[in-house]
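K.L.:
What follows is a structure written as C-alpha cells; I'll ask about it next.
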Amino acid sequence: MSNDDRAPTAPRRDFLGMAVGASATAVAAAIGYPVARFVEPRPMPSSGPTLVGKVEDFALGTGKTVLVDEKPVLLLRSADGHFRAFSAICTHLQCVVGYSAERNQIECPCHKGVYSVEGVNIAGPPPRPLEELVVSVREGSVIVSEA
Amino acid sequence: MEGINTCATCHATLTDAKLRGPAKDYVTSAHRDERIGCVGCHKGDPRDPTVGAHARALGFIAHPAQSEVAGICGGCHADADFIRHVNARLPVGQYALYSLSLHGRLAAGGDERAPTCATCHGKHDVLPPASPKSPVNRANVHKLCGGCHSDAKRMSPYQIRTDQLSKWEKSVHGLAFKKGNPNAPTCNSCHGAHSATPPDASSVARACGRCHEEELALFEQSPHSKGFRRRGLAECVACHSNHDVAPASSLHVGVTPDAMCTKCHANDEKPMKVADTIAGLLRGARDRSAAARATLARARDAGLVVPGSSFALDQLSTAELKLRAVVHTLDPMRLEAPIASIDRAVAEAEKLVSDVETTRKTERRGYYVALTVAGLLFLSLLLKSLELDRRRRQGTP
Amino acid sequence: MMGTDGQGSSWLGARIGWDAIRATLSAQRVARRNFSHFLGGITLLLFLLEVGSGVLVLLYYRPDVAQAHASLERIVGEVPYGDLIRNVHAWSSDLLVLSLVAHMFTVVVRGSFRSPRELSWWSGQALLVLCIGLAFTGAILPWSQEAYLQARVGSELARYVPFVGNWLHHFLRGGDEVTSSTLQHAFGFHVAALPAAVTALIFLHLFFVQRRAATTPRDDDAPTMPVYPDFLVRQAAAWTATFVVVMTLAIFAQRSVGVAADPRLPSVVGARPPWYFLAFHHVVRVAPRDLLGMDGARFLVAAMCGVGLAVVALPLLDRRGSRLTAYLAWIFLLACALLSAYALT
C-alpha cells in the first residue's frame, strides 16, 4: 500500500513534477533577490568635516589618534604648532599605527612598519604612504575632513 | 517706623469699600514690603492709630492728583540708592524716560487724560510686570494700550487714529503673537514703554531693524534708502505698512496695478523694468519651491518614508528667507545666489522623492513577477493533487 | 519535488535513505478534510517567515531609545527592499496569531483535544502564549508613540492578573517604569529567548501530534490519504497561497512606522490595542468601575485568566470532546467578533 504511487510514469505526470520544481525554484529566486539586496551592506554616509577638539587639546610635538567617520585618524601637532592628519590605518595589513614621540615617527606595531611624520613609508613592509587628511583650525577648533 | 503699619490694620476694618479696598489690594501687591508701606506714597504717620495720622502737617496726601503721581513713584523708583537696597534688579530710568515721552509731556502739561505710572501699572494692587496678572505683562500689554488708543472718544482731542490694535491683531506680528511666538512684537516692542513716542519717518527703520537686521542692512544698500530719506518717506512702512504689516510673501513686487511698486513708479520706465524682473524671479522661485513642497507632501500622504525630507525642507525655508531679505536691495543680480540655493534645495527634495518612487515602482514590478511564479507553483501543486486523486480512483487501492 | 517519480534513488536520496523516509511518510495516513487541516502547517510557515524577516531586520535595527525609531525609518526608507521585509515581518505576525487562533478553534470544534491528545493541546497552548509574548515585545521595538503607549497600557493591565500581577508588571516593563530598559528587555526576549523557546516547543508539538495523530472522535471512519505525497502536496499549495497573501499585504497595505516616541507628548487619541485584544479592550472600556465589589479592570482581567485556565484544562473538563464544547466555542467566537466590531466604532 505504501508503494501505490510507484506506478509507471505518465508523460503528464512528469510534466507536472517539472512544473512544480521549476516554479518552486522561481519562487525561491523571487524571495532570494530582495533578501540579497537587503543584506548587502550599506555605504556609511560620510559626516563631512569633523570637529575633533580644541587646539589646546593637542600638545606641541605630540600625536593623538581621533575618530573621523568612525575610522582612526592620527593627528600630529609639530613643535611649531602645525597640524597634519593621516589615516591611522597601515597600508600594509590595516593595523592601526601610532606616533612615537621619542623617535619622531609613525610606527605600526604589527609588522614593524615605519612612516615619517610626513606619512611616507620609510621602513618595513608598508607599500604606500599613509593617506593624508585635511586639517583646518577655525576659532580654536580643530576640524578634520577628507582630502 | 519699620514694621509698624497701622494704616493697613485700621483700614482693613472699615466698612466703606473705598477706604477698605486699598488696604486689601496692598497686601498682595509688589509694594507690600514693609519698607514702603502706605506712607511710602501717602505720607502721614503710620504709628499713630488715630485720625491724627492723616494730619496735613505730616504731608499726608489722600488723593494724589494725576500730575503728582509720576513724581511720587519717581521719588523712589528714580532713587538708585533706595532701589538698590529694596530690589537691586529693578531699573531706575523709568521716570526720566517717562518725562521725555509724549505721555509724560502731556501729563506734565496738565492733561488729566494723559497716562501716568498708575494708569498702566495699577495703584494699590501694583504687580511686577512678570506677573501674568499685571496689565503691563507681555501677554496683556496690547489690551492695556488698546484700552485707551482704540477708544475714539478718548483719542478725539489728539486727532490720532484708533485702529492700531485691530490692525495689529490681523498683522503678521499679531498673528504670531496670538500663536504664542515669544519673539512676536507687541506695542512696546516698537514704541517703547516708558519712553512711548511714535517712531517718525526717520526712525521707523531703527524700530523695525532691531529685529529685522539683515533686511535693514540690505535696504540701506538700495536706491530706495537715499530716495526715501530725501522725500521724507517712512522707510519700511512705505511698502510694508506698520500696524497691519502683512506676511512678506503676500507683498506684490511687480508692475500690476495692485503691486506695491506701481504705487510710486507707475510712470517710471526703468524702475518698472526692474520690478518686473524681480517679480518674475520671485514668482519662479516661489512656484518651484511650492511644487517641491507639494511633491514631498504627496509622498508623505502616500505613506512613503522619504529619508532626509525634513532636512531638505529646512534648506528650502532657509534659502527662501535669504531670498526675501535680498529683495530689499532691489538688485536683480543679487537675487541670483539665493535663487540658486533655492533651486538646489528644490532639486534635492525632488530627487529624494523620485528615488523613493523609483524604488517603489521597482518593488511593484517585482511583486507582479513573484505573484506570477507563485501562481504557477500553486496551480501546478493543485493539478498535482488532482492527478494523485484521479490515479487513486482508477484502481490503485 | 525530488524523487516524486520514485524510480530508484537519486544521488542525494541514496545518502539520506530517502526510500525509508518516503515509506514511513506514505504509511502515515491523515483524514481527507477541508481547509482547516492545513492551519497548523500555515502557522508553521508564518513562524518561519517571521524568523527569516526578523533575522534580516535585525541587521539594521538598533535597540536603543535614541536610535530605535530612526533605525526603523532607515530600514523602511533607505535600505533596498527594507519596507518589504519590515512589512512582511509586521503582517506575518498578525497572520500568525490569526492562524494560531483559527487552528486552536478548529481543534476545539472538532473535539481533537480529547484524550489521549492532551500533550498536543497543552504544547499548543504554550505556543499561543509565547507567540502573544512575541507580538507584545515586537510591538514595543519600533519605539514609536503607539509602541510606547502599548508598552505602558499592556504592562499596566498585567498588574491585575491574580497572584502574579505585580511580578508580571515589573517583568514586562523590565523595571518599574516604561524606560530604555523596557526596550532592551523586550528586544532580548523578542529576538532570542522567545523564538528559541517557540522553536523547541514546535518540535515538541509536532512530536506529540505525530505520536497521537490528531484525528477527531466524530469522523474516525472518514476517508484518509497518505501524508506523502497527497497531504504534503496540498499543504504546499496552502503554503504558496499564504505566501501570496503575506506578500500582497506587505506591498499594498504598508504599515506606518509612526512618529518616534516622546514621553512628553500626550498619548495618541483613540489608541487601540492589537486586534486580538479588541474585544477585551471594549469590555474594559464599557465595564462599570466596580464589579462584584472589585475594581472593574481587575475583575475583568481575573475573569479572562479564568477563561484561559478553563481553556487549558479543556481535555480534563471534557474528556469525550462533546458537541456542547463546540457550541460554546462558536458562541465565544461570535461574541468576540461582535465586541471587536463595537470597539472599532
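K.L.:
Given +1 on the Cβ of Lys and Arg, -1 on the Cβ of Asp and Glu, and no further charges, what dipole in debye does the protein assembly as shown carry about its Cα centre, rounded to the nearest 20?
P.N.:
It comes to approximately 2260 debye.
K.L.:
Report the charge-dipole magnitude of chain C in Debye, nearest 20, computed about the Cα centre from +1 at each Lys and Arg Cβ and -1 at each Asp and Glu Cβ.
P.N.:
Dipole about the Cα centre, nearest 20: 800 debye.
K.L.:
Net charge near A:Leu75, counting Lys/Arg +1 and Asp/Glu -1 over other residues with Cβ under 9 Å of its Cβ?
P.N.:
Computed value for this residue: +3.
K.L.:
Which of A:Ala28, A:Ala85, A:Ala59 moves most in a GNM of chain A, Cα contacts under 10 Å?
P.N.:
Ranking A:Ala28, A:Ala85, A:Ala59 by mean-square fluctuation puts A:Ala28 first.
K.L.:
Quick one: dipole size for segment C:1-155, taken about the Cα centre, charges +1 on Lys/Arg Cβ and -1 on Asp/Glu Cβ, in debye to the nearest 20.
P.N.:
In total the dipole reaches around 700 debye.
K.L.:
Which lysines does B:Lys170 reach when only Cα atoms under 21 Å apart count, and residues fewer than 8 places away in its own chain are ignored?
P.N.:
Within reach: B:Lys143, B:Lys178, B:Lys179.
K.L.:
Just want the answer: with Cβ charges of +1 for Lys and Arg and -1 for Asp and Glu, which residue in B:Pro271, C:Pro223, B:Ser29 is farthest toward the dipole's positive end in the protein assembly as shown?
P.N.:
Going by the charge dipole, the pick is C:Pro223.
K.L.:
Which helices, counted as full DSSP H runs in chain B, have an axial Cα extent of no less than 24 Å and a Kyte-Doolittle average of -0.5 or above?
P.N.:
Long hydrophobic helices here: B:269-301, B:309-326, B:332-393.
K.L.:
For segment B:269-366, what is the Kirkwood hydrodynamic radius in Å, using each pair of distinct C-alpha atoms?
P.N.:
Final number for the Kirkwood radius of segment B:269-366 is 14.6 Å.
K.L.:
Please compute the net charge surrounding B:Ser222, taking Lys and Arg as +1 and Asp and Glu as -1 over other residues with Cβ under 11 Å from its Cβ.
P.N.:
-2
K.L.:
Classify chain C: rounded, prolate or oblate, from the alpha-carbon gyration tensor (a ≥ b ≥ c, eigenvalue square roots; a/c under 1.5 rounded; otherwise prolate if a/b is larger than b/c)?
P.N.:
Note, shape of chain C comes out oblate.
K.L.:
By its C-alpha gyration tensor, with a ≥ b ≥ c as the square roots of the eigenvalues, how is chain B shaped: rounded for a/c under 1.5, else prolate for a/b larger than b/c, else oblate?
P.N.:
oblate
K.L.:
Per-residue mean of other chain beta-carbon atoms within 10 angstrom of the beta-carbon, peptide C:83-89?
P.N.:
Mean inter-chain Cβ contacts per residue within 10 Å come to 3.
K.L.:
Shifting gears a bit: B:Thr162 accessible area, nearest 10 Å², 1.4 Å probe?
P.N.:
My reading of the accessible area for B:Thr162 is about 50 Å².
K.L.:
Oh, and also: Given the Cα-Cα distance of B:Asn137 and B:Tyr158 and 0.36 nm per residue of separation, how much length would full extension add, in nm?
P.N.:
4.9 nm
K.L.:
Once you've got the GNM for chain A with C-alpha springs shorter than 10 Å, pick whichever of A:Arg37, A:Arg103, A:Arg84 has the biggest mean-square fluctuation.
P.N.:
Of A:Arg37, A:Arg103, A:Arg84, the most mobile in the Gaussian network model is A:Arg37.
K.L.:
Points 7 angstrom from Cα along the Cβ direction at B:Ala238 and C:Ser181: gap in nanometres?
P.N.:
6.9 nm
K.L.:
Could you tell me which of C:Val101, C:Phe189, C:Pro162 has its Cα farthest along the dipole of segment C:86-208 towards the positive end, charges placed at Cβ (Lys, Arg +1; Asp, Glu -1), taken about the Cα centre?
P.N.:
Value computed over the given set: C:Val101.
K.L.:
Name the residue farthest towards the positive end of the dipole of the protein assembly as shown from the options B:Val204, C:Leu48, B:Ala152, assuming +1 on Cβ of Lys and Arg, -1 on Cβ of Asp and Glu, about the Cα centre.
P.N.:
Going by the charge dipole, the pick is C:Leu48.
K.L.:
Which residues make up the longest stretch of chain A that has no GluC sites (Glu not before Pro) in a DSSP loop with at most 11 other Cβ atoms within 10 Å?
P.N.:
Longest gap between qualifying sites, sites excluded: A:1-69.
K.L.:
Under a 5 Å amide H to amide H cut-off, with H placed in plane at 1.01 Å, what residues pair with A:Ile89 once short-range neighbours are removed?
P.N.:
Those qualifying (amide H under 5 Å, at least 5 residues apart or on another chain) are A:Val97.
K.L.:
Over chain B, with a Gaussian network built from C-alpha contacts below 10 Å, which listed residue (B:Ala246, B:Ala78, B:Ala234) shows the highest mean-square fluctuation?
P.N.:
So, out of B:Ala246, B:Ala78, B:Ala234, the one fluctuating most is B:Ala78.
K.L.:
For segment B:207-266, run through the trypsin sites (Lys or Arg not before Pro) and keep only the ones in DSSP coil with at most 12 other Cβ atoms within 10 Å of their Cβ.
P.N.:
B:Arg210
K.L.:
In chain B, which longest range has no GluC sites (Glu not before Pro) that are both DSSP loop (not H, G, I, E or B) and surrounded by at most 16 other Cβ atoms within 10 Å?
P.N.:
So the longest stretch without any such site is B:113-397.
The values are calculated or read from the model by the stated rules, or taken from the named source; none is laboratory data. Note that this is a predicted model, so its numbers are computed, not measured. Note that we place each Cβ from the backbone using ideal geometry, even for glycine, and neighbour counts take in every protein chain shown. All accessible areas refer to the heavy atoms of the entire protein, side chains included, with ligands and DNA or RNA removed. Shrake-Rupley method; radii C 1.70, N 1.55, O 1.52, S 1.80 Å.
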